[in-house]
């Protein structure tokens, strides 16, 4: 298959037998599923059925790139890791930037699928056409940072890229992450535990094959996008915000709209926000980093020179860590947060879930639902820096109460009982990321219906979120559409079902191409009318150069993941939110008095998504319309299709 | 005579995105392939240190002196060290003697490759977001370099400042 952009082949590895095979990319995949998340969704639908335990050898770990990966397309240096998720038992997917994704593409693979389980620790070494399963006994137990260095030393090449797990992944902590290039985390849903269950310490890769576009015009398209990102209005906005400060800049923005999760999502304002914002963080900045081929460049490295946490050197924290390990546990000491960030990264553990489990413990302890004795002598009091650190170590090492907590918040809450589940802020078993639907209605819905659980990255809409972004919605969609989404009012639930459906479909395309979502919102250089010419000139496929067909592909990719969850038995009853958001009014700030009117937004969303309002199962006609007839048949056989 | 130009590297600004590598390889080989780039960024990812390495187009170039077949020469007018591939035997002596790591071996052709300023419009400079690469006349490079040094040694500026009386 001589398509531009794609490698045209994928690698299947069975760690049980130690065999591997390279296959040609199926003919229609590019047109129907684009790449990245789309490829992963198709592959996992075909290979991982409902009986498969996420931590069993039968589960498959998919690492995928998209057609843009490795090309000069702005902000395209990413990859996706997908699998059935150990944390939630449903669709699991996590993306990361850095330099690993492009290296995999340069080695000549659009996708790598790993199944089985090795008897002893191994790592996969992909060096262009050569594939090797190497002994990793000496790497086992090492932190993620140590693992990178050791692999590079062993292979004698300091530019070898790797995606690795740390001690948390080895110990099957259900929210263990996968780290790439030392600080780029594929953080959510426990992909690191899948690797750990396979005894797979790392995937190391080096490539020299290159990515060739179908047409030279691709370079002109790229240069146009480059102009948009680095000159004029968008560049100025980027410099003053994300490019200049990274995602920590969001601390101030979220304070402004009253959506900064604080005290286990009790409120949206943190009285020490100024101690943990981008300005405060700048004092510790030592350098700036960038993912491959990025025009935004938002990563900063920080160092704590003195005091209790002296010597802490860490890339990040990002906004999510500042909340999960800061405001949401009431810690306002930035140096402590920098330290937690480094610990979690070194252990290879999702900062969001780790932090949200700590805040949950703090709340149930305060409410008297658990005692010091239940927690092995730990007294989780709001804002106690030492307790946060102790719990991070305990979870990553599965020591004491940490062994239970390492199973994830929902399993821990079910085991403890006593009504503690009521205070775990999660959807479908995934602890919520740092948003609050009460101050921004569409994200409430997006959390509830997201295919991987309570998380922003499958459907967060920024037009109605950021005070300055509304006008761009009018420019892009026109007045009629913008009004239909009620994009001017983030507290109005009307139109948000439509808006979220639209955003989810678009992000499905973004996650399949793959580019960074910041390129679609901040600076807003990418939309369908940018992707279409880029993909046409890159791949040479007219289908991908057609905006209408791209939109349908986005809907198809989203729906296939929804169907994956339906096959697991997850439907309407799990498209829900914690009563904290639906029953307890926001106590203060711009969202004061608000709750998430999920009952208003959900039916509108279901209508667009083509789901049955009662069961949440996909409708046959919608699946047929999206060319997912085989999926419909399988769901029908299980009684999980709405006729 | 055309102005002598130079490609200036400011590593303190580099973020390691390697866009320079990608566009360099595309311009020269029609393929986005950092392994075939004439400029390469050496990175320390843990501390965030990034240094782009590229040919400095030396006046008295070690590669030219070391080349056993005379395949390397210097074009004084354009200030460029150039490879005559019809004479090159692929021995890679130039790669090993270059004090800047500015010479590389193309993993496809197994021949040395080096920066040629892209015919006067260096793609790396054009696409460098943080401004770590500059393509400027030698005269401007001199001034810029001096200002850059001053940024690192503020005492020089302070010493030179006139002592203004305190505002009462």
Candidates B:16, B:48, B:101, ranked by Gaussian network fluctuation over chain B, Cα under 10 Å, top entry
B:48
Mind checking the mean number of beta-carbon atoms from other chains within 10 Å of the Cβ atoms in A:200-211?
3
What full-extension length gain, to one decimal in nm, is calculated for residue A:621 and residue A:494 as 0.36 nm per residue of separation minus the Cα-Cα distance?
43.1 nm
Relative contact order for the stretch A:9-206 using alpha-carbon pairs under 8 Å, separation at least 6, rounded to a whole percent?
23 percent
Counting other beta carbons within 10 Å of each residue's own, what order do A:235, A:215, A:71 fall into, fewest first?
A:215, A:235, A:71
Order by neighbour count: B:95, A:381, B:167, A:178, fewest other Cβ atoms within 10 Å first, most last.
B:167, A:381, B:95, A:178
Rounded, prolate or oblate: pick one for the stretch A:9-206, where a ≥ b ≥ c are the square roots of the eigenvalues of its C-alpha gyration tensor, a/c under 1.5 means rounded, and failing that, prolate if a/b is larger than b/c, else oblate.
rounded
If a/c stays under 1.5 just call it rounded; otherwise compare a/b with b/c (prolate if a/b is bigger, oblate if not). Do that for the protein assembly as shown, with a ≥ b ≥ c from the square roots of the Cα gyration tensor eigenvalues.
prolate
Taking the Cβ of each residue in B:47, B:152, A:259, A:567 as the centre, tally the other Cβ atoms inside 10 Å and list the residues starting with the fewest.
B:152, B:47, A:567, A:259
If you average the sequence gap of Cα pairs under 8 Å that are 6 or more apart and divide by the length of chain A, what percent do you get for the contact order?
15 percent
With springs only between Cα atoms under 10 Å, which of B:140, B:35, B:132 fluctuates most in a Gaussian network model of chain B?
B:140
Using the alpha-carbon centroid of each, what span in Å lies between the stretch A:343-421 and the stretch A:484-533?
35 Å
Given Cα pairs under 8 Å that are at least 6 residues apart, what percent is the relative contact order of chain B?
27 percent
Once you've got the GNM for chain B with C-alpha springs shorter than 10 Å, pick whichever of B:56, B:40, B:145 has the biggest mean-square fluctuation.
B:145
With a 10 Å radius around each residue's Cβ, average the other Cβ atoms per peptide and rank A:512-524, A:303-315, highest first.
A:512-524, A:303-315
Per residue of A:97-105, count partner chain C-beta atoms within 10 Å of its C-beta, then hand back the mean as an integer.
2
Average other protein chain Cβ within 10 Å of Cβ, residues A:282-288
3
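Each reported figure results from applying straightforward, stated rules to the coordinates on display, with no laboratory input. Please read all numbers here as calculations on a predicted model, not as lab measurements. We place every Cβ from the backbone using ideal geometry, glycine too, and count neighbours over all the protein chains shown.
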